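Notes for the one structure printed next.
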Amino acid sequence: MGRWHFPRLIAHRCGGVLAPENTLAGLRQASLAGYGAVEFDVMLARDRTPVLIHDETLDRTTNGCGRVADHDYAQLACLDASAGFGAGFGPEPIPDLASAARLCRQLNLWANVELKPAEGSDQETGALVAWMVRRYWEGADQWPLLSSFSEVALAAARKAAPLLPRGLLVGVIPPDWQARMARLGCVTLHCDAAVNPPERLAQVVASGTPVLCYTVNLRDMAWRLLEQGVSAVFTDRLDRLRPENLPETPSRKGLEP
């Protein structure tokens, strides 16, 4: 993945502001909005079923409470993941990875799967989710991209499914980012657009490493980052940032195959 061959706008947590996060409804909304790429978070339930959820606890995004890791998937599937989102959705179950993979393939959505280990489960999460991603996307035109803030999870994913591409997630780009990526066999660097100055991003872009910036919800900022050579941005504002309106720039042409 020396060059970026994938969509340059990625729907954050499936559907951004258009649907409850990390749900199948979000995947459908991303597709309807013209998006060809989605990002979602995957954590293990108590019975080791990979499920789509961001927090270690259920309280913020569902009508349940307690730790995700303290519930089997059969219990999680009965909860409503649209709780608090507003009118127009619900009930929306917490999906397992198998359901998300199946829908992504049906809708032709490329996926960035973020490994989201609960405390103490980094190695197990990385290994098991990577193995299942390879299984669920076997025969697809493109593998999903695995990413994580957890270097332990990324190392375990590499061992379990070495063919899957991996991305290192950071906030501020650290001085040793190249060494970390090399050690983990990562091919992309994901960073916080708000805390990394343009000159720092330019240094990474100049190295030929695809840079993916999160979470960019202002249209002008997104277009500026893409024009500066950033490979893709994650956004919640699928209603504002439309793939068909991407600016044509020399840097964009240079990044495409």
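Once C-alpha pairs closer than 8 Å and six or more residues apart are averaged by separation and normalised to the residue number of the stretch 52-96, the relative contact order reads 34 percent. How much length would be gained if the chain were fully extended between Asn108 and Asp59, taking 0.36 nm per residue of separation minus their Cα-Cα distance, in nm to one decimal? Going from the current span to full extension adds 14.5 nm.
Only helices enter the 222 nm calculation for the chain: every DSSP H run of n ≥ 4 contributes -39,500 (n - 2.57), and dividing by all residues gives -9000 deg cm²/dmol, rounded to 500. Shape of the stretch 87-146 from its Cα gyration tensor (a ≥ b ≥ c, root eigenvalues): rounded if a/c is under 1.5, otherwise prolate when a/b > b/c, or oblate? Cα axes put the stretch 87-146 in the oblate bin. Here the Karplus curve 6.51 cos²θ - 1.76 cosθ + 1.60, taken at θ = phi - 60°, turns the phi angles of the stretch 190-200 into couplings of 10, 9, 7, 5, 7, 10, 10, x, x, 5, 5 Hz, with x standing for Gly and Pro. For the pair the stretch 190-241 and the stretch 14-72, the centres of their Cα atoms are 24 angstrom apart. Can you give the angle from 0 to 90° between the axis of helix 122-136 and the longest principal axis of the chain, with both taken from C-alpha atoms, to the nearest 10? With rounding to tens, the tilt is 90 degrees. Using C-alpha pairs below 8 Å separated by at least 6 residues, the relative contact order for the stretch 134-257 is 16 percent.
Residues in the chain average 43 Å² of solvent-accessible surface per residue, probe 1.4 Å, ligands and nucleic acids excluded. Take every pair of alpha-carbon atoms less than 8 Å apart whose residues are at least six positions apart; their mean separation over the length of the chain yields a relative contact order of 20 percent.
If you roll a 1.4 angstrom probe over the protein chains with everything in place, what fraction of the accessible area of the stretch 100-213 belongs to carbon and sulfur, to the nearest %? With neighbouring chains kept in place, the figure for the stretch 100-213 is 51 percent. One entry in (1) 7, 27, 34, 23, 7, 1, 0; (2) 6, 23, 23, 17, 12, 9, 7, 3, 0; (3) 7, 32, 38, 20, 3, 0 is P(r) over Cα pairs in 10 Å bins from 0, in percent calculated from the shown coordinates; its label is (3). Residues whose amide H falls under 5 Å from that of Tyr214, counting only those 5 or more places apart or on a different chain, are Cys191, Asp192, Ala193, Phe234, with hydrogens built in the peptide plane.
The values are calculated or read from the model by the stated rules, or taken from the named source; none is laboratory data. Note that this is a predicted model, so its numbers are computed, not measured. Protein only, heavy atoms only, side chains kept; ligands, DNA and RNA dropped before computing areas. Shrake-Rupley method; radii C 1.70, N 1.55, O 1.52, S 1.80 Å.
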